[in-house]
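These notes are about the structure you will find just below.
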Amino acid sequence: MHQIVKQAFKYWEKRNCARSTSCAILDYYGFSEYTNVLDSAMILFGGGAGERSICGSLLGALAGMGVVLKEKGLEEKEIYKKSKYLKAGFKKEMGTLRCREILADFLDENGVLDKDHPDRSPLCDKTVETAVLEVLRIIDNI
């Protein structure tokens with residue numbers, strides 16, 4: 001298991017998916033001075049911003065990658081381009097960008113998530129892993 005995934009899973013033990021991916025990315029790339037800010041900012045973005053919208057793992061990865069790329073001196077236009085690569089890679093692996101679609105088998109008719117279903121957690125683990133590995137692939141190829 002790659003170190004960035006280990007870091008993400010360490011955060012994932014006590015934080016939501018968005019916080020886990022953003023903080024792991026910042027730590028891995030040596031920008032931990034921003035970790036506390038994103039750790040707080042991403043509280044509301046887990047579970048597709050609480051609405052099962054865009055996957056929180058992806059949202060956190062976008063935030064973390066944005067900080068890293070900006071700090072590495074990339075222009076905003078190039079950062080947007082890299083974000084498209086991240087979204088495309090995530091969608092290729094997960095089939096969608098949307099939390100509701102990823103977790104469809106674990107939502108009741110009212111959209112309430114069955115957090116205790118034994119197959120749900122590994123799927124969310126996969127979103128965390130996929131998001132940070134896509135960021136790794138993008139940043140390490142700059």
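The values are calculated or read from the model by the stated rules, or taken from the named source; none is laboratory data. Note that this is a predicted model, so its numbers are computed, not measured. Please note: Cβ atoms are built from the backbone with ideal geometry, for glycine as well, and neighbour counts cover all protein chains shown.
Inside region 84-108, residues that are assigned to a helix (DSSP H, G or I), of a type in the set (K, R) and in contact (Cβ under 8 Å) with a residue 24 or more places away in the chain make up a count of 2.
Residues in region 42-83 that are in contact (Cβ under 8 Å) with a residue 12 or more places away in the chain, outside any helix (DSSP H, G or I) and among the small types (G, A, S): 1 in all. Give the residue, chosen from A104, A131, that is of a type outside the set (D, E), buried (at least 19 other Cβ atoms within 10 Å of the Cβ), under 21 Å from R52 (Cβ atoms) and out of contact with any Cys (no Cβ under 7 Å at 6 or more places or on another chain). Testing whether each residue is of a type outside the set (D, E), buried (at least 19 other Cβ atoms within 10 Å of the Cβ), under 21 Å from R52 (Cβ atoms) and out of contact with any Cys (no Cβ under 7 Å at 6 or more places or on another chain) leaves just A131.
Residues of region 118-128 that are outside any helix (DSSP H, G or I) and either buried (at least 16 other Cβ atoms within 10 Å of the Cβ) or free of Cβ contacts under 8 Å to residues at least 12 places away in the same chain (or both): P118 alone. Give region 24-54 a look and list any residue that's in contact with a Ser or Thr (Cβ under 6 Å, 6 or more places away or on another chain) and farther than 22 Å from G73 by Cβ, or say none. Once the filter is applied, which keeps residues that are in contact with a Ser or Thr (Cβ under 6 Å, 6 or more places away or on another chain) and farther than 22 Å from G73 by Cβ, region 24-54 yields only M42. Candidates R19, R15: the one that is free of Cβ contacts under 8 Å to residues at least 60 places away in the same chain, within 13 Å of V128 (Cα to Cα) and not in a helix (DSSP H, G or I) is R15. Condition check for T35 on (1) buried (at least 17 other Cβ atoms within 10 Å of the Cβ); (2) touching a residue at least 24 places away in the same chain (Cβ under 8 Å); (3) over 14 Å from V135 (Cβ atoms): one failure, at (2). Taking the condition among the aliphatic types (A, V, I, L, M), more than 17 Å from I142 (Cα to Cα), modelled with pLDDT under 95 and under 15 Å from the mean Cα position of the chain (by Cα), does A49 pass? It is true that A49 is among the aliphatic types (A, V, I, L, M), more than 17 Å from I142 (Cα to Cα), modelled with pLDDT under 95 and under 15 Å from the mean Cα position of the chain (by Cα).
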